[in-house]
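J.: Attaching a single structure in structure tokens format; questions to follow.
The values are calculated or read from the model by the stated rules, or taken from the named source; none is laboratory data. As the structure is a computational prediction, the values presented were derived from the model and not from experiment. Here the Cβ positions follow ideal geometry from the backbone for every residue, glycine too, while neighbour counts run over all protein chains shown.
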Amino acid sequence: MPKNSFVTSPFVSDPTASTPDRIGLSLAVFTIAKTTGNTALRWVGPFLPTLEKAFGVSIGTLTTVIGLAELAGLSTAAMGKTLDRGHQRRIFILGMWLISLSALIAMIGNIWWFAASFVVLILGVANATVAGHAWISARVPYQGRARAIGIFELSWAFGLLLGAPMIAVILSWVGWRGPFAAIAVLTAASALLVTWKVPADHISNQNSDPGPDSGIDPEEDWGLVSSVAPAVGRRALLGARAWRVLLCSALLAASGMSVFVVSGAWLNERFGVTTAGLGLVAAGFGAVELIASGTTAIWADRLGKRRSVMVGLGILAAGIAITGVAGDSVVVAVLGLTVFLAGFEYGFVSSLSLVSEAAPAARGRALGWSNSVGTLARASGVATSGLLYDAFGIHGSLLLASVAGLIAAGLLPGRPKAVEELSEVAS
């Protein structure tokens, strides 16, 4: 593709939809659908005190259940080859139906059914997320991919900004089963919307070789195309640099989740923030994440993906410091959490573009393995954070986030003096 083709559009034409505008429309539909799925996942953290009362268990028990259920995200590693064969749309739709089913299961009404529902929820969210990233990576060249992924990842922010106030109202009017009923309907409708509006899958991987005109800046993104050799036969092994990117992204996610999952409980217990107040705070967090994801879409391609990850980690560290000195001030507490989430969102979304090019010859597998590694990191972070919170309060969770963030920063490779040799390839 000519270097200046990105000037007119960031999208590569899809053989099933000949114009870039159609690709853009499909991306918008995916983002809308994913917003409903992300709401199903994200409302739980800020409203843990409500579920604590509904199921008669402690915050530590709930976070342990959530952390263990996160392991269902390991399933994405098995979906990699299917995604590489071009079945991104149908995997996304399947994920949305699973999210709808999970909400129905949760309505049965005890901690064991909630645990089962969360396993199904993670299966749906994880596979829909990876399918969406694989769909984007197969159509959008690397020099514009942060923009496309940033747009898709706006769904996480909208899940709080739009979803949290809706959940708070439903909880006040209907009770704890209300949000699950609403989510079951919305995610089912989203699955139907994608089926209707997004063209059927095509069996190809259009950007399997970014080529000399890919727009990759070797000074900034250090030749990710060489982090895995071209596939020989059917298997290619990820190189050491690629694995460092995957692990960095996973630990960044664990750092963010370890604080976010207990944020609602902390604000409620420490400062007496009510359910309605938690809804407003969560909506505010969503607004901040929306700005962060939008900033990623606008600037990460220009600044460079690697630099953007480091900027995000720096802002995240500042948020940890502010939250840690909040004391009795709810204003400082909310400010610290806001800065923390802004850094997390900007850094993590930027890292996804690096991950998407870790293995150009097998993006589905790389994305699947990345999510699986991230699943282990998030599950460990969520479960450990809940236990640390029960024992030491918010400072225990902040310490965990700090350690994960520092390791993530250390893992992100620097700019090499020369392009590394191709990694080992298995025939």
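J.: Quick one: which residue in ALA164, ALA126 is of a type outside the set (Val, Ile, Thr) and at pLDDT 90 or above? Outline the logic, then answer.
T.: Details: ALA164 fails: at pLDDT 90 or above.
None of the other options fit; the residue is ALA126.
J.: Criterion first (in a helix (DSSP H, G or I) and either of a type in the set (Asp, Glu) or at pLDDT 85 or above (or both)) does SER293 satisfy it? Working first, answer last.
T.: Numbers: in a helix (DSSP H, G or I): yes; either of a type in the set (Asp, Glu) or at pLDDT 85 or above (or both): no.
It is false that SER293 is in a helix (DSSP H, G or I) and either of a type in the set (Asp, Glu) or at pLDDT 85 or above (or both).
J.: Any idea which of (1) surrounded by 20 or more Cβ atoms within 10 Å (Cβ to Cβ); (2) free of Cβ contacts under 8 Å to residues at least 12 places away in the same chain is the one GLY132 doesn't satisfy?
T.: Among (1) surrounded by 20 or more Cβ atoms within 10 Å (Cβ to Cβ); (2) free of Cβ contacts under 8 Å to residues at least 12 places away in the same chain, GLY132 violates only (2).
J.: Confirm whether GLY284 is assigned to a helix (DSSP H, G or I) and either touching a Ser or Thr at 6+ places or on another chain (Cβ under 6 Å) or surrounded by fewer than 24 Cβ atoms within 10 Å (Cβ to Cβ) (or both). Spell out how you get there, then give the answer.
T.: Details: assigned to a helix (DSSP H, G or I): yes; either touching a Ser or Thr at 6+ places or on another chain (Cβ under 6 Å) or surrounded by fewer than 24 Cβ atoms within 10 Å (Cβ to Cβ) (or both): yes.
Taking the combined requirement at face value, the residue satisfies it.
J.: For the stretch 65-81, check the following and say yes or no: at least one residue is more than 26 Å from LEU162 (Cα to Cα) and hydroxyl-bearing (Ser, Thr, Tyr).
T.: yes
J.: For the structure I just gave you, tell me whether LEU278 is more than 21 Å from the chain's Cα centre (by Cα), crowded, with 24+ Cβ neighbours inside 10 Å and within 30 Å of SER58 (Cα to Cα).
T.: Values: more than 21 Å from the chain's Cα centre (by Cα): yes; crowded, with 24+ Cβ neighbours inside 10 Å: yes; within 30 Å of SER58 (Cα to Cα): yes.
Spelling it out, LEU278 is indeed more than 21 Å from the chain's Cα centre (by Cα), crowded, with 24+ Cβ neighbours inside 10 Å and within 30 Å of SER58 (Cα to Cα).
J.: In addition: Identify, from the list ASP221, ASP217, the residue that is modelled with pLDDT under 85 and surrounded by fewer than 18 Cβ atoms within 10 Å (Cβ to Cβ). Don't jump to the end; show me each part of the working.
T.: Values: ASP221 fails: surrounded by fewer than 18 Cβ atoms within 10 Å (Cβ to Cβ).
Matching residue, one of ASP221, ASP217: ASP217.
J.: Working carefully through the options ALA317, ALA276, ALA300, find the one that is in a helix (DSSP H, G or I), closer than 19 Å to LEU161 by Cα and touching a residue at least 40 places away in the same chain (Cβ under 8 Å). Explain how you work it out, then say what you get.
T.: Numbers: ALA317 fails: closer than 19 Å to LEU161 by Cα; ALA300 fails: closer than 19 Å to LEU161 by Cα.
Every option except ALA276 fails the conditions.
J.: Let me ask another. Would you be able to say whether some residue in the stretch 226-235 is modelled with pLDDT under 50, surrounded by 16 or more Cβ atoms within 10 Å (Cβ to Cβ) and within 21 Å of PHE344 (Cα to Cα)?
T.: Scanning the stretch 226-235 turns up no residue that is modelled with pLDDT under 50, surrounded by 16 or more Cβ atoms within 10 Å (Cβ to Cβ) and within 21 Å of PHE344 (Cα to Cα).
J.: What helices (runs of 4 or more DSSP H), lying completely within the stretch 70-164, carry at least 2 residues that are closer than 30 Å to VAL57 by Cβ and of a type in the set (A, V, I, L, M)?
T.: On the way: elements: 76-84, 88-106, 111-137, 145-161.
Qualifying helices (runs of 4 or more DSSP H): 88-106, 111-137, 145-161.
J.: With respect to LYS53, is the statement that it is basic (Lys, Arg), assigned to a helix (DSSP H, G or I) and closer than 26 Å to LEU388 by Cβ true? First the steps, then the outcome.
T.: Numbers: basic (Lys, Arg): yes; assigned to a helix (DSSP H, G or I): yes; closer than 26 Å to LEU388 by Cβ: yes.
Judged against the criteria, LYS53 is a match.
J.: Can I ask one more? Check whether at least one residue in the stretch 138-150 is under 26 Å from GLY286 (Cβ atoms) and without any contact (Cβ under 8 Å) to a residue 60 or more places away in the chain, and report yes or no.
T.: No, that holds for no residue.
J.: Taking the condition more than 15 Å from the chain's Cα centre (by Cα) and of a type in the set (A, V, I, L, M), does LEU48 pass? Please lay out each step first, then the result.
T.: On the way: more than 15 Å from the chain's Cα centre (by Cα): yes; of a type in the set (A, V, I, L, M): yes.
When the stated conditions are applied, LEU48 passes them.
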